[in-house]
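What follows is a short report on a single structure.
Derivation of every value follows stated rules applied to the coordinates shown; laboratory data play no part. From a predicted model like this one, the values you see are computed outputs, not experimental measurements. Here Cβ is always computed from backbone atoms with ideal geometry, including for glycine, and neighbour counts include all displayed protein chains.
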Amino acid sequence: MNDVKSRLIEILEEINDDIDYETETNLIDGKMLDSFSIIRLISSICEEFEIDIGPKWMKNENFNSVEAMSNMINTILEEE
């Protein structure tokens with residue numbers, strides 16, 4: 001597992017450790033994370049990876065799984 005994914009899982013487990021983040025693909029659409037958890041997640045991602053997640057990235061599909069979040073983070077990092 002790459003470093004982005006492993007750090008994401010650590011962040012997510014700090015928010016809610018009752019979810020299997022390695023296999024779950026419906027975190028937002030399945031309402032597994034509430035709105036407060038999502039805000040905390042986005043804030044933690046921005047801080048950890050020193051990125052800004054702008055409005056164009058605020059789509060459910062970018063936050064439904066660790067894989068999707070990892071892809072989004074890597075793309076943002078490449079663009080900066």
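Sequentially through the stretch 7-19, phi angles give Karplus couplings (6.51, -1.76, 1.60; θ = phi - 60°) of 5, 4, 4, 4, 4, 5, 5, 5, 7, 7, 8, 8, 10 Hz, Gly and Pro residues having no value and appearing as x.
Here the Karplus curve 6.51 cos²θ - 1.76 cosθ + 1.60, taken at θ = phi - 60°, turns the phi angles of the stretch 32-38 into couplings of 6, 10, 7, 4, 5, 5, 5 Hz, with x standing for Gly and Pro. For the chain, the mean projected area of the C-alpha convex hull, equal to one quarter of the hull surface, is 4.8 nm². When the helices of the chain are scored as -39500 (n - 2.57) per DSSP H run of n ≥ 4 and the total is divided over every residue, the value at 222 nm lands at -17000 deg cm²/dmol. Positive-end ranking of S37, N60, I19 along the dipole of the chain, with charges on Cβ about the Cα centre, is headed by N60. Here the chain is assigned +1 on the Cβ of each Lys and Arg and -1 on the Cβ of each Asp and Glu. Its dipole about the Cα centre then comes out at about 320 debye. Whole-Hz Karplus values for the stretch 74-79 come out as 4, 5, 4, 4, 5, 6 Hz, taken residue by residue from phi with 6.51 cos²θ - 1.76 cosθ + 1.60 and θ = phi - 60°; glycine and proline positions read x. In a DSSP loop and with at most 13 other Cβ atoms within 10 Å, the GluC sites (Glu not before Pro) in the stretch 6-62 are E22, E50.
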